[in-house]
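This report refers to the structure that appears directly beneath it.
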Amino acid sequence: MTHLLRAEYGPQGRSGEVKTWHVVRSSDPTAAMCGREIEADAETRDESEWGTGLRGCQQCGSLYIHEAPHFPGDPHR
Ligand SMILES: [Zn+2]
């Protein structure tokens, strides 16, 4: 696995909903591919969950597709 999904929380923090899911490289799990910093203890999901209905970051999505062309998901679907 080379990438992970990580949660960005809304104004209520982790007691509220996850606002956006970002993609990080597993070698640098606090830096989203779009440039946003992710809290070190934010929720983490497997990259295989990208495109399954999670609210993903569009910018991370397009960068991710470039780095992981094996992945069948399409963020513009
Ligand atoms: Zn992002």
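Every read-out reported here was derived from the displayed coordinates using simple, explicitly stated rules and does not represent laboratory data. Note that this is a predicted model, so its numbers are computed, not measured. Quick reminder, even Gly has a Cβ in these numbers, built from the backbone with ideal geometry, and neighbours come from all protein chains shown.
State yes or no: is Thr2 within 12 Å of the ligand (Cβ to nearest atom) and either out of contact with any His (no Cβ under 7 Å at 6 or more places or on another chain) or among the acidic types (Asp, Glu) (or both)? Can you show your working first?
Working: within 12 Å of the ligand (Cβ to nearest atom): no; either out of contact with any His (no Cβ under 7 Å at 6 or more places or on another chain) or among the acidic types (Asp, Glu) (or both): yes.
Criteria not met by Thr2.
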## Note on the structure
Residue pairs qualifying under the 7 Å Cβ cut-off, at least six apart or on distinct chains, with the first in the range 11-29 being free of Cβ contacts under 8 Å to residues at least 60 places away in the same chain and more than 11 Å from Ala42 (Cβ to Cβ) and the second being more than 13 Å from the ligand (Cβ to nearest atom) and among the β-branched types (Val, Ile, Thr), are Arg25/Thr2; Ser26/Thr2
